[in-house]
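Heads up: the structure comes next, in structure tokens.
The values are calculated or read from the model by the stated rules, or taken from the named source; none is laboratory data. Computed from a predicted model, the values in this text were never measured in an experiment. Note that we place each Cβ from the backbone using ideal geometry, even for glycine, and neighbour counts take in every protein chain shown.
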Amino acid sequence: MPAKVSLSYLDYSGERSTANWYTNEPSGATFDVEAWEGDMLDIAQAIDAITLGTRGAWNISYQVEAGSQALPASAVAQREIGLRVFFQDDTTGDMYSLVLPCPDLALLAQSATDNVDLTITEMAAFVAAFEAGALSKALHSVTVTGAKIIGRRA
């Protein structure tokens with residue numbers, strides 16, 4: 001699978017546009033990631049030279065695993081229902097959140113509240129894994145502070 005590079009630009013009226021292109025994905029023990037990122041930066045700088053917009057963020061992403069395309073067995077597995085997980089940067093105290101789609105309401109929902117008990121076995125396992133592997137934007141360790149079932153307005 002190819003890697004995808006996305007480069008955003010801001011126009012004079014404050015609107016964003018994105019340019020995308022594909023490249024080889026990093027693989028193998030001898031793959032030179034720094035040279036690869038340098039090649040992508042060269043392309044970004046060449047684009048800068050031919051556009052008037054202000055370059056914003058640029059991202060390189062690639063697929064780690066194809067995953068399954070099978071539909072879930074449960075009819076309540078809907079992306080309009082989410083589990084918002086709140087977490088805090090352990091150094092700066094900054095607060096963040098992420099939304100996990102299709103939460104298992106039979107497992108997580110509690111009577112008379114949208115809050116989720118972090119001590120439920122499966123939630124505790126998620127919290128432990130997330131805190132062990134996730135970082136804040138500042139690359140500091142994080143602590144999960146709560147979780148809530150949310151909906152999306154149509």
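Here are the numbers:
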quantity: Residue, nearest to the chain's Cα centre (by Cα), within the range 100-126, restricted to residues that are surrounded by 14 or more Cβ atoms within 10 Å (Cβ to Cβ) and of a type in the set (Val, Ile, Thr); calculated: 116
quantity: Restricting the range 47-85 to residues that are of a type in the set (Val, Ile, Thr), in a loop (DSSP other than H, G, I, E, B) and closer than 30 Å to residue 14 by Cβ, the residue that is nearest to the chain's Cα centre (by Cα); calculated: 51
quantity: Options 30, 92; residue that is assigned to a loop (DSSP other than H, G, I, E, B), surrounded by fewer than 11 Cβ atoms within 10 Å (Cβ to Cβ) and hydroxyl-bearing (Ser, Thr, Tyr); calculated: 30
quantity: Only one of 107, 100 that is under 26 Å from residue 151 (Cβ atoms), among the aliphatic types (A, V, I, L, M), assigned to a helix (DSSP H, G or I) and at pLDDT 90 or above; calculated: 107
quantity: Members of the range 45-80 found to be surrounded by 14 or more Cβ atoms within 10 Å (Cβ to Cβ), without any contact (Cβ under 8 Å) to a residue 40 or more places away in the chain and small (Gly, Ala, Ser), listed by number; calculated: 77
quantity: Residues (part of a helix (DSSP H, G or I), touching a helix residue (DSSP H, G or I) at 6+ places or on another chain (Cβ under 8 Å) and among the aliphatic types (A, V, I, L, M)) located in the range 114-153; calculated: 123
quantity: Qualifying residues in the range 81-113 (those that are in contact (Cβ under 8 Å) with a residue 60 or more places away in the chain and among the aliphatic types (A, V, I, L, M)) - the one farthest from residue 26 (Cα to Cα); calculated: 81
quantity: Extreme residue, modelled with the lowest pLDDT, among residues of the range 41-69 that are among the small types (Gly, Ala, Ser) and over 24 Å from residue 26 (Cα atoms); calculated: 49
